[in-house]
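What follows is one structure encoded as structure tokens, with my remarks underneath.
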Amino acid sequence: MNRQTGWRALEEAVERRILVLDGAMGTMIQSYRLDEAGYRGERFKDISQDVKGNNDLLNLSQPGIIREIHDAYLDAGADIIQTNTFNSTTISQADYGMEDLVPELNRAGARIAREAADAKTAQTPDKPRFVAGSLGPTNRTASLSPDVNRPGYRNTTFDELREVYRSAAASLVDSGVDLLLIETIFDTLNAKAAIFGVEELFDQLGERIPLMISGTLTDLSGRNLSGQTIEAFWHSVRHARPFTIGINCAFGAEQIRPHLASLARIADTCICAYPNAGLPNAMGEYDEDPETTSGFLREWAESGLLNIVGGCCGTRPAHIRAIAKAVEGMPPRVAPEALPVMRLSGLEAVSIGS
């Protein structure tokens, strides 16, 4: 299935039904209980630095594990799987001294996911599967200082982030992803840099790739780390004409629900949401079972809030299987008509002319 055919199939599918995104990659990787040698594999066995915890490196050192995880989510009912490239940027890989591997990490991550999705599509041609190239938020923020004694200091710049995202996206697109997913956005300025970089790539390619944008909230009032409400966040990124806008990570479905409803009320595009499996316990583990998570998400679907739904931290194939069953046969959300008004955003959203 070539790219244009894949896009048409995606558009047709999302108009007919609620699509299912996969669950947490990190949670599944942890279940393998890999030690330092496990992360290194044969290729990196002699490197000097520690790499345990660098999940994206497994695209090169343990590709079989990543393929198993993708297959498990596809078997559970996922229509869209995310590449294991959440930290495949030079900024994030600097923690491990592996910046030079970033293009290869993205290409390998896309290739593994592509092969898994295509194999599943071959089994069920009437239900094609799709690959979203994951672009994580990096571990730096363009809006805030990491030093409380130097409020004007920043450890990254807009231009650095723009190039980091453009480069990573180029490798993902070149390796066959169907969509690009700018996800777990905690800082709107980081997101705007990512959008700028991706738009530069689209100009170079002479074509647009469907873009998914997903923010994360940092407190129960519904604001991200840079202080914006979810409505203001939408006003800030609407110009990118995303295929989906939504919320992931942050909290469980119960806590996200009112903020997702606010977003679904105003966004004139598809809504994608993938919450955590509840809130973490004292040990940082997620205890919410698949039935509970899927029950919350079924109510979202019944309320007309969803076009695409999946799971984030703590969710496993069992959660995705339960979610797929819960939303099966439910009609997808119909986006509201966009009124011709001026939309502004600071920390709050402002519409003039409505």
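Only the coordinates and a few stated rules stand behind these numbers; no lab work does. Just so it is clear, the structure is predicted and the values come from calculations on it, not from any experiment. No Cβ is skipped: glycine too gets one built from the backbone with ideal geometry, and neighbour counts run over all protein chains shown.
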So, S262, is that one among the polar types (S, T, N, Q), in contact with a helix residue (DSSP H, G or I) (Cβ under 9 Å, 6 or more places away or on another chain), surrounded by fewer than 21 Cβ atoms within 10 Å (Cβ to Cβ) and not in a loop (DSSP other than H, G, I, E, B) or not?
yes
Which members of segment 104-136 meet the condition of being β-branched (V, I, T) and surrounded by fewer than 21 Cβ atoms within 10 Å (Cβ to Cβ)?
T121, T124
Mind telling me which of the residues A94, A116 ends up being more than 17 Å from the chain's Cα centre (by Cα), over 27 Å from S294 (Cβ atoms) and of a type in the set (A, V, I, L, M, F, W, C)?
A94
Under 8 Å between Cβ atoms, which residue pairs at least 6 apart in sequence (or on different chains) link something in segment 8-37 that is among the hydrophobic types (A, V, I, L, M, F, W, C) with a partner that is loosely packed, with under 12 Cβ neighbours inside 10 Å and part of a loop (DSSP other than H, G, I, E, B)?
A37/K45
Collect the residues in segment 217-250 that are surrounded by fewer than 20 Cβ atoms within 10 Å (Cβ to Cβ) and part of a loop (DSSP other than H, G, I, E, B), keeping them in residue-number order.
T218, D219, L220, S221, L225, G227, R241
Among the residues that make up segment 80-100, is at least one of them under 28 Å from R321 (Cα atoms), among the aliphatic types (A, V, I, L, M), touching a Phe, Trp or Tyr at 6+ places or on another chain (Cβ under 8 Å) and surrounded by fewer than 24 Cβ atoms within 10 Å (Cβ to Cβ)?
no
Members of segment 176-216 that are part of a loop (DSSP other than H, G, I, E, B), under 20 Å from N106 (Cβ atoms) and touching a Gly at 6+ places or on another chain (Cβ under 8 Å)
V177, D178
Selection within segment 316-340 - within 19 Å of R17 (Cβ to Cβ) and among the charged types (D, E, K, R):
R321, K325, E328, R333
Check on K45, touching a helix residue (DSSP H, G or I) at 6+ places or on another chain (Cβ under 6 Å) and among the basic types (K, R)
no
